[in-house]
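First comes the structure, then the notes that go with it.
The values are calculated or read from the model by the stated rules, or taken from the named source; none is laboratory data. The structure presented is a predicted model; accordingly, all values stated were derived computationally and were not measured. Glycine also receives a Cβ, built like all others from the backbone with ideal geometry; neighbour counts cover every protein chain displayed. In case anyone asks, the SASA skips ligands and DNA or RNA and just uses the protein heavy atoms, side chains included. Shrake-Rupley method; radii C 1.70, N 1.55, O 1.52, S 1.80 Å.
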Amino acid sequence: MSVFSKAAVPVLVTASLISGCATHSDGSAPLNQRTWPVCSLLGGLLGGGLGAIESSAWAAGGGVAGAIAGGLICYAQDGDEDEDGVFDRRDRCPDTPANTPVSHTGCPLPQYPVADKAAPEPEIITLNDQGSVMFAYDSAELTSSAHSQLQGLMSKLNAPGVTSVKVIGHTDSQGSDAYNQTLSERRASSVAEYLISQGLAPSKVTSQGRGESEPIADNETDAGRAQNRRVELHLN
């Protein structure tokens with residue numbers, strides 16, 4: 001056997017054994033750069049033992065060759081301890097939680113929350129006592145003027161794009177809060193019932209009273225109170 005062949009035997013055998021020890025049965029590598037000193041030690045012992053079989057003179061050389069081969073082989077193994085698909089040698093974030101999308105460097109990709117689609121703002125049609133009176137005094141009875149205004153809106157309210165009509169009643173501040181709340185509810189209900197009588201689908205209509213709680217003008221003036229006595233149609 002030539003001198004080169006004798007020197008190569010410990011290296012080749014060491015490489016074969018260390019490489020086999022450094023991999024799992026599925027081909028992945030649990031040993032990586034951080035454990036290469038251990039591989040060098042094992043390679044040195046194995047290489048020295050193999051060299052001693054040939055002769056005592058080869059024991060030292062075999063040990064050195066085995067240590068170098070073992071260290072290099074183990075260093076070359078690429079494990080993936082956090083199982084993110086990026087080898088440990090290139091993984092800059094080695095402790096990534098399971099099932100986290102990562103970049104090519106092994107670091108989590110930025111996660112952007114899905115923006116909620118904002119609900120469209122309802123179209124609001126306001127009917128009040130400015131210009132024409134909607135209700136009889138201190139009553140929920142609709143006037144003839146109110147009938148005309150509501151009839152003029154029927155084609156719009158029945159449009160396919162309108163899925164709901166919320167009728168909201170408001171009052172001015174004359175009288176008690178409790179009385180105005182009840183009056184606003186009765187007036188909203190009166191408008192809703194009239195719209196249904198004119199052909200608007202009952203499933204599209206709801207009514208609600210808010211009393212004097214949401215003024216849009218000054219209740220200290222006649223003009224302001226006339227604006228506050230109103231019915232709003234919220235179309236969605």
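Count of the stretch 73-119 residues, restricted to those that are aliphatic (A, V, I, L, M), over 30 Å from residue 236 (Cα atoms) and at pLDDT below 85, is 2. The single residue among 218, 177 that is without any contact (Cβ under 8 Å) to a residue 24 or more places away in the chain and more than 43 Å from the chain's Cα centre (by Cα) turns out to be 218.
Remark: residue 105 matches the filter, which requires a residue to be of a type outside the set (A, V, I, L, M, F, W, C), farther than 30 Å from residue 185 by Cα and either in contact with a helix residue (DSSP H, G or I) (Cβ under 6 Å, 6 or more places away or on another chain) or open to solvent by less than 50 Å² (accessible area, probe 1.4 Å) (or both).
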